[in-house]
Amino acid sequence: MRVLITGASGRVGRMLLAGKPREIETEALLGPLTPDLGVPWYRTDITDRAKTVMAVTCARPDVLIHLAAMTDVDGCERNPDAAFRVNRDGTAHLAEACAECGASMVYLSTDYVFDGRMGPYTETDTPNPVNVYGRSKLEGERAAAERTDRLTVVRISVPFGRKMPGASHNFVSLLDERLSVGETVRAVTDQRTTPAWLDELAELLWTVALRSPREIVHYGAADRLSRYDMALELCRVRGYDEGLVQPAATPDLGLAADRPMESGFVTDRAAALLLRPPVPFGEALRRMFGITEVPS
């Protein structure tokens with residue numbers, strides 16, 4: 001099986017490449033300025049329809065895993081045109097290309113398609129995004145569904161895990177770096193969600209690529225937490241001083257975009273694909289750091 005990956009240079013993409021099954025041949029669809037990742041590649045700007053369709057049809061993948069996105073939530077709010085060009089239009093171009101060459105498509109989306117008033121959400125709950133990022137990702141889902149029926153959408157929230165070489169920090173890896181040197185950190189208490197462990201997410205994405213279930217799948221850890229809860233659990237697992245974590249409220253941060261406050265997912269479909277429930281957040285941290293016992 002040949003799999004083409006967009007956004008392969010990011011946090012999820014690098015973890016996906018690191019956990020690639022032996023029987024899968026991977027290629028990357030890189031942006032114009034993205035460095036070579038050491039795998040076969042094609043280049044395009046996904047906002048350019050003609051070039052994108054040409055690149056994908058030349059690659060002729062069996063499956064395209066679409067991870068590339070404009071994910072800066074406040075940046076999307078300040079520049080909605082760019083957000084919709086990448087997250088909606090770019091996704092539409094890729095879906096059109098998949099339909100043309102007969103490939104299945106896996107699209108990584110977000111809990112921000114919901115308003116965060118009544119989470120955790122099932123796959124059948126009605127989306128109602130409260131910011132530009134969420135709207136652009138939801139419109140990407142809909143644009144893809146209009147162009148191909150061989151589509152699986154995987155929605156996640158707050159991806160975390162070990163920092164992969166070449167990728168930027170995620171929420172947990174950055175917290176760990178700062179807490180390890182005794183820095184004080186602030187974390188919000190009023191947004192709750194089910195964070196996505198990158199190792200298990202990569203396993204789920206490869207399972208989806210192989211099985212092509214053609215549905216929406218929600219994935220996240222077994223427990224629903226605030227970022228403040230996550231930071232305290234990290235302190236407990238790593239033996240850091242919990243006093244370094246200062247509680248904050250979202251309105252006090254002066255963010256450009258509204259956030260869904262009571263979010264997160266019911267993950268029954270993901271559990272059926274993984275053949276087990278997703279791991280709890282604390283257990284994911286212990287595996288992430290290779291810890292068998294919690295420091296006293």
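The values are calculated or read from the model by the stated rules, or taken from the named source; none is laboratory data. Note that the coordinates shown come from a computational prediction; the quantities given were computed from them, not determined experimentally. In this analysis, Cβ positions are derived from the backbone assuming ideal geometry, glycine residues included, and neighbour counts consider all displayed protein chains. Keep in mind that these areas ignore ligands, DNA and RNA; they rest on the heavy atoms of the full protein, side chains included. Shrake-Rupley method; radii C 1.70, N 1.55, O 1.52, S 1.80 Å.
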(1) open to solvent by 20 Å² or more (accessible area, probe 1.4 Å); (2) touching a residue at least 40 places away in the same chain (Cβ under 8 Å); (3) not in a helix (DSSP H, G or I) all hold for Y112 apart from (3)
Report whether or not E233 is modelled with pLDDT of 95 or more, among the acidic types (D, E), within 30 Å of P35 (Cβ to Cβ) and crowded, with 19+ Cβ neighbours inside 10 Å. no
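Considering only residues that are β-branched (V, I, T) and either closer than 15 Å to T110 by Cβ or in contact with a His (Cβ under 7 Å, 6 or more places away or on another chain) (or both), which ones fall in segment 186-211? Let's see the steps before the verdict.
Just the residues of segment 186-211 that are β-branched (V, I, T), to begin with: 188-189, 193-194, 207-208.
Within segment 186-211, T193, T194 qualify.
Quick check: anything in segment 142-151 hydrophobic (A, V, I, L, M, F, W, C), touching a helix residue (DSSP H, G or I) at 6+ places or on another chain (Cβ under 7 Å) and in a strand (DSSP E or B)? Walk me through how you get there before you give the answer.
Residues of segment 142-151 hydrophobic (A, V, I, L, M, F, W, C): 143-145, 151.
Right, trim to touching a helix residue (DSSP H, G or I) at 6+ places or on another chain (Cβ under 7 Å) and you get 143-144, 151.
Add one more test, that the residue is in a strand (DSSP E or B), and what stays is 151.
Looking for residues that are hydrophobic (A, V, I, L, M, F, W, C), touching a helix residue (DSSP H, G or I) at 6+ places or on another chain (Cβ under 7 Å) and in a strand (DSSP E or B), one finds at least one in segment 142-151, hence yes.
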Scan segment 245-265 for residues that are open to solvent by less than 40 Å² (accessible area, probe 1.4 Å) and assigned to a helix (DSSP H, G or I) and report the count. 1
Quick check: anything in segment 46-68 within 30 Å of L253 (Cβ to Cβ), open to solvent by less than 30 Å² (accessible area, probe 1.4 Å) and not in a strand (DSSP E or B)? yes
Kindly indicate the residue of segment 29-45 that is in contact with a Lys or Arg (Cβ under 8 Å, 6 or more places away or on another chain) and not in a loop (DSSP other than H, G, I, E, B) and also nearest to M105 (Cα to Cα) among those meeting that condition. L29
Quick check: is even one residue across segment 163-181 closer than 28 Å to A271 by Cβ and touching a His at 6+ places or on another chain (Cβ under 8 Å)? yes
Identify the single condition in (1) part of a helix (DSSP H, G or I); (2) in contact with a helix residue (DSSP H, G or I) (Cβ under 7 Å, 6 or more places away or on another chain); (3) surrounded by fewer than 24 Cβ atoms within 10 Å (Cβ to Cβ) that N87 does not satisfy, given that it satisfies every other one. (3)
Testing L37 on (1) touching a strand residue (DSSP E or B) at 6+ places or on another chain (Cβ under 7 Å); (2) at pLDDT 95 or above, one condition comes back false. Which one is that? (2)
Would you mind stating whether R287 is open to solvent by 50 Å² or more (accessible area, probe 1.4 Å) and modelled with pLDDT of 95 or more? yes
Segment 174-198, residues that are among the hydroxyl-bearing types (S, T, Y) and open to solvent by less than 10 Å² (accessible area, probe 1.4 Å): T193, T194
Taking the criterion of being part of a helix (DSSP H, G or I) and open to solvent by less than 10 Å² (accessible area, probe 1.4 Å), would at least one residue in segment 17-28 satisfy it? no
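Within segment 266-274, is even one residue within 13 Å of S157 (Cβ to Cβ), open to solvent by less than 30 Å² (accessible area, probe 1.4 Å) and assigned to a loop (DSSP other than H, G, I, E, B)? Steps first, answer last, please.
We begin by selecting, within segment 266-274, every residue within 13 Å of S157 (Cβ to Cβ); these are 266-267, 270.
When the remaining residues are screened for being open to solvent by less than 30 Å² (accessible area, probe 1.4 Å), the result is 267, 270.
Now drop any that are not assigned to a loop (DSSP other than H, G, I, E, B), which leaves 267.
Yes: one or more hits.
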